[in-house]
Amino acid sequence: MQELLALAEEDREIAMQRFRWLQPHLEENKSLRLVAAEAGLAFRTAQRWVALYRASGLASLARKTRLDHGARKVVSEPMKRAIEGLALESHPVPITSVHRQIKEYAQAIGEIVPSYWTVYDIVREVPPSLRTLAHQGAKSYGESFDLIHRREASKPNSIWQADHAQLDIKLLKEDGSTARPWLTIVIDDYSRAIAGYYLGFDAPSSIRTSLALRQGIWRKGHPHWQICGVPDILYTDNGADFTSKHLQQVAADLKIRLVFSIPGKPQGRGRIERFFRTVNEMFLCDLDGYIRHKKRAPSLSLDQFDERFRHFLLEIYHRRSNADGRLPPSERWEEGAFLPRMPESLEQLDLLLMHEVRARKIRRDGIHFQGLRYLSLTLAAYVGEDATIRFDPRDMGEIRVFYRDRFLCRAISAELAGETIPLRDVIRVRNQRRKELRSILHDRQKMVDTLLQLKQGPALEESHVPVPVPASPTVRIKRYRNE
């Protein structure tokens, strides 16, 4: 039985066919000479097969492999290794060159000179993995032949992947020029649903990642975009935006485990790479400005493209069944009716959205940032203090001010937000702040006066008792004890 199992499928079929030819003789005692004639076999061959079958079973009827199969009679083993060595040099050479060099080597050591076709066969039998490692290096070998480990999520929000890609389309910018946009994607590994994304012309950065994550985690309010919640694991590459200190702090605060792929080995991020290919093949190819259709000039702005991309994402991609029969991404994410883990508040989540900058001084007329002036009535109590500001690059009309690592207020720019603070409110807050400061000063002065009275009170009472004057006629200056 073990010998039969060790045979290749083709050899087992051959053994079974020979058994069928011999079966009338083996089971029905039919004349072997007659059976051999019907099968077109030589009688001596039939006799040999019957003897083999009765001695060793079905496996003995299989085609025998020669013990020297694959060995070349005209090429010795050292000569074969020399041919392979020449073919595996770092810079590949033509087989004609290999044959010419091996001819000289064979004549020098007294070996039989192999023919060109013998050398050709030996070179072609070198395994592709060995050729790739020799000619293209370890990186190419790893991308093609290394065994990889793929992280497989067992449920929604177990693993999210994040990555950036510059899309193969040109869009119109506000100044009339064209540029290719960058797309930042956060995808749920289990369902292939897109949790969040960010589109823009600026290069990948931590703020892009933060904006995409913020959208992914918070509720969208769209009937076909239910994906939300805090993931257990965020799986990314080793880009500077993903390994930034800011993102690490946010992940620690939201209890997200950051996992980074091995540098130079992107195979573990297969789902997000396939999504980018899907965007190219199912969406971009039909739009003006697609770089592979040079006749279709760019005509879409970033906002128009964003609107079309969102429609594609929610109405087509999220509702499209997989080729292997799986549920559409949106339905697969909802499978099991689980409750996603949400942050405590939007304020806590905004730490992902707001980008930290250098400390800013709170001036008498507000906070100055990027040529704009931001003002809030709350800042009246912190003039002269240093603060940290965070902002949304998509909406520079407002910044958020943090004082000593705690949220203080929102400050607006009148030029961008279209809102102004009335003068009467400024005067009211200013007078109120002065009143608060005067009250504090009055309270502190009272405390100082009380302390002075407690300290000097007994000494002052004793100082009023005169020192007795002696009977001597000598005039002395009156002295007090506290002197």
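Rule-based calculations on the coordinates, nothing more; no lab input. What you are looking at is a predicted structure, and each value in this text was computed from that prediction instead of being measured. Neighbour counts are summed over all protein chains in view; Cβ atoms, including those assigned to glycine, are modelled from backbone coordinates with ideal geometry.
Below, the figures for the structure above:
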| quantity | calculated |
| --- | --- |
| Under the Debye formula (equal points on every Cα, no solvent term), log10 I(q)/I(0) of the range 356-421 at q = 0.11, 0.29 Å⁻¹ | -0.20, -1.52 |
| Within-10-Å neighbourhood charge of I399 [Cβ basis; K, R +1; D, E -1] | +1 |
| Calculated P(r) of the range 144-225 - Cα pairs past 21 Å, % | 44 |
| Estimated inter-spin distance, S158 and R20, nm [label 7 Å along Cα→Cβ] | 4.8 |
| Net +/- balance of residues flanking R296 in space, Cβ distance below 11 Å, scoring K and R +1, D and E -1 | +2 |
| Linear extension gain, F201 paired with R63, 0.36 nm per residue minus alpha-carbon span | 43.0 nm |
| The range 2-61, relative contact order in percent, only Cα pairs under 8 angstrom and at least six apart counted | 39 |
| Label-point separation in nm, I316 to D286, each point 7 Å along Cα→Cβ | 0.4 |
| Estimated translational D of the range 77-145 in µm²/s (Stokes, Kirkwood radius over Cα pairs; 37 °C; 0.692 mPa s) | 261 |
| Estimated FRET transfer efficiency (L377, H91; beta-carbon r; R0 60 Å; 0.05) | 0.25 |
| Amide H within-cut-off set for L408, under 5 Å, with H built and near neighbours excluded | V401, F402, Y403 |
| Relative contact order (%) - criterion: Cα under 8 Å, at least six apart; region: the range 159-334 | 25 |
| Backbone HN-Hα couplings from phi across the range 78-89 [Karplus 6.51/-1.76/1.60, Hz, Gly and Pro as x] | x, 5, 5, 5, 5, 4, 5, x, 5, 6, 9, 5 |
| Restraint check, K361/K446; K245/K361; K220/K255; K103/K139; K170/K245, Cα-Cα greater than 30 Å | K361/K446; K103/K139; K170/K245 |
| Two-decimal Rg/Rh across the range 2-61, once Rg and the Kirkwood Rh are taken from alpha-carbon atoms | 0.98 |
| 5 angstrom amide H check on G229, placed H, neighbours 5+ away | W218 |
| Alpha carbon convex hull of the range 69-227, projected area averaged over orientations, nm² | 17.2 |
| Under 5 Å, built H, 5+ apart or other chain: amide partners of R296 | G289 |
| Label-point gap, in nm, between H135 and L441 - each point 7 angstrom along Cα→Cβ | 8.7 |
